[in-house]
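Participant: Below is one structure. I have some questions about it.
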Amino acid sequence: MDFTNIWEKINSDWLLKRASFNKEDLAYLAYQDTFRHRLEGFMTRVYYQRKRMLSQSNLFLAYVFQDYSNDFNSGSYPTWLLFSPASEVNQNPALLKETATKVLSIKGRKDLSKEDETLRKLVEEPLSDCSFVEIPSSLSGNHLVYLSIVYVHPERIPSFHLGLALICSAPSLSKEVLYLPLKFYPDELKNAYIKGEFIC
């Protein structure tokens, strides 16, 4: 898939779409539309910033390289993803995939620098929690790449899988990152995602 112009078009369409959000749209995007969803994270600051963040958000390509779930849990579960605000990375998300391979290669290693050791713990511990952790340049190929652990809600993305996904973020307002629900994907990308063809 050629991503050279995809990211710009996705965001120009998103700016128009977000300007027309009603209360129901924002509640759905913010995972605050049901009692169960409202219970998740309501004690945190980002929960109350979420609608404002979404109303000023941009979309970014993310590479999801790890998740932690079990067959007995049908609710939300954590996933590890890499993303970048830099246009050169969003236009060439294969850079995220390459970085993910390097990040996974440090799991289980003992001969790491302090910086890489911190990252290793975040990737290995199933209960880790982080947002906007900058990946060392030695692993990111000198590109600005961040790691965030983001919970996925399967009912929002029924065909969720590792690999490329779209996320919402407004870095100047909040360090929270949210998955874009599948119903808000552009039609051509939604079909590619469902078919497993949204790949780099």
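The values are calculated or read from the model by the stated rules, or taken from the named source; none is laboratory data. Quantities reported herein were computed from a predicted structural model and do not represent experimental measurements. Positions of Cβ are generated from backbone atoms using ideal geometry, with glycine treated the same way; all protein chains shown enter the neighbour counts.
Participant: Taking Ile199 as the residue in question, decide whether it is at pLDDT 95 or above and aliphatic (A, V, I, L, M). Spell out how you get there, then give the answer.
Facilitator: On the way: at pLDDT 95 or above: no; aliphatic (A, V, I, L, M): yes.
The answer is no for Ile199.
Participant: Taking the condition within 27 Å of Phe21 (Cα to Cα), surrounded by 14 or more Cβ atoms within 10 Å (Cβ to Cβ) and of a type outside the set (Val, Ile, Thr), does Tyr47 pass? Working first, answer last.
Facilitator: Details: within 27 Å of Phe21 (Cα to Cα): yes; surrounded by 14 or more Cβ atoms within 10 Å (Cβ to Cβ): yes; of a type outside the set (Val, Ile, Thr): yes.
Yes; evaluated as a whole, the condition is true for this residue.
Participant: Being closer than 24 Å to Leu59 by Cβ and among the small types (Gly, Ala, Ser) is the filter; apply it to segment 90-107 and report the residue that is farthest from the chain's Cα centre (by Cα).
Facilitator: This residue is Ala94.
Participant: Right, another one. Inspect segment 27-34 for any residue being surrounded by fewer than 16 Cβ atoms within 10 Å (Cβ to Cβ), among the β-branched types (Val, Ile, Thr) and more than 30 Å from Leu127 (Cβ to Cβ) and give the result as yes or no.
Facilitator: Step one: list which residues in segment 27-34 are surrounded by fewer than 16 Cβ atoms within 10 Å (Cβ to Cβ), which gives 33-34.
Now narrow it down to the ones that are among the β-branched types (Val, Ile, Thr): 34.
Restricting the remaining residues to those that are more than 30 Å from Leu127 (Cβ to Cβ) gives none.
So far as segment 27-34 goes, no, none of its residues is surrounded by fewer than 16 Cβ atoms within 10 Å (Cβ to Cβ), among the β-branched types (Val, Ile, Thr) and more than 30 Å from Leu127 (Cβ to Cβ).
Participant: Now for a separate question. How many residues, within segment 119-135, are of a type in the set (Asp, Glu), in a loop (DSSP other than H, G, I, E, B) and either without any contact (Cβ under 8 Å) to a residue 12 or more places away in the chain or farther than 18 Å from Ser169 by Cβ (or both)?
Facilitator: The first filter runs over segment 119-135 and keeps only residues of a type in the set (Asp, Glu), leaving 124-125, 129, 134.
Still in the list and also in a loop (DSSP other than H, G, I, E, B): 125, 129.
Subsequent filtering for residues that are either without any contact (Cβ under 8 Å) to a residue 12 or more places away in the chain or farther than 18 Å from Ser169 by Cβ (or both) retains 125.
Matching residues across segment 119-135 total 1.
Participant: If Phe60 satisfies every condition in (1) buried (at least 18 other Cβ atoms within 10 Å of the Cβ); (2) part of a loop (DSSP other than H, G, I, E, B); (3) of a type outside the set (Ser, Thr, Tyr) but one, which is the exception?
Facilitator: Evaluating Phe60 over (1) buried (at least 18 other Cβ atoms within 10 Å of the Cβ); (2) part of a loop (DSSP other than H, G, I, E, B); (3) of a type outside the set (Ser, Thr, Tyr) leaves (2) as the failure.
Participant: While we're looking at this one, here's another question. Taking Leu39 and the conditions (1) surrounded by fewer than 18 Cβ atoms within 10 Å (Cβ to Cβ); (2) farther than 29 Å from Glu125 by Cα; (3) without any contact (Cβ under 8 Å) to a residue 40 or more places away in the chain, which numbered condition does it fall short on, given that it satisfies the others?
Facilitator: Condition (2) is where Leu39 drops out.
Participant: Any idea which residue in segment 8-31 is modelled with the lowest pLDDT, counting only those that are touching a Leu at 6+ places or on another chain (Cβ under 8 Å) and outside any helix (DSSP H, G or I)?
Facilitator: My answer is Tyr31.
Participant: If you take the residues in segment 147-200 that are among the β-branched types (Val, Ile, Thr) and in contact (Cβ under 8 Å) with a residue 60 or more places away in the chain, which one is surrounded by the fewest Cβ atoms within 10 Å (Cβ to Cβ)? Before you say what the answer is, go through the steps one by one.
Facilitator: First, pick out the residues of segment 147-200 that are among the β-branched types (Val, Ile, Thr): 149-150, 152, 157, 167, 177, 194, 199.
Filter once more, so that each one left must be in contact (Cβ under 8 Å) with a residue 60 or more places away in the chain: 149-150, 152, 167, 177, 199.
Numbers: Ile149: 22, Val150: 22, Val152: 19, Ile167: 19, Val177: 23, Ile199: 12.
So the residue we want is Ile199.
Participant: Looking at the structure I just gave you, is Tyr151 hydroxyl-bearing (Ser, Thr, Tyr) and in a helix (DSSP H, G or I)?
Facilitator: When the stated conditions are applied, Tyr151 does not pass them.
Participant: Another question about this same structure. Considering only segment 80-99, I want to know if a residue exists there that is closer than 19 Å to Pro158 by Cβ, part of a strand (DSSP E or B) and touching a residue at least 24 places away in the same chain (Cβ under 8 Å). Reasoning before the result, please.
Facilitator: Our first condition is that a residue be closer than 19 Å to Pro158 by Cβ; within segment 80-99, this holds for 81.
Adding the requirement that they be part of a strand (DSSP E or B) leaves 81.
From the residues that got through so far, the ones that are touching a residue at least 24 places away in the same chain (Cβ under 8 Å) too are 81.
There is at least one residue in segment 80-99 that is closer than 19 Å to Pro158 by Cβ, part of a strand (DSSP E or B) and touching a residue at least 24 places away in the same chain (Cβ under 8 Å).
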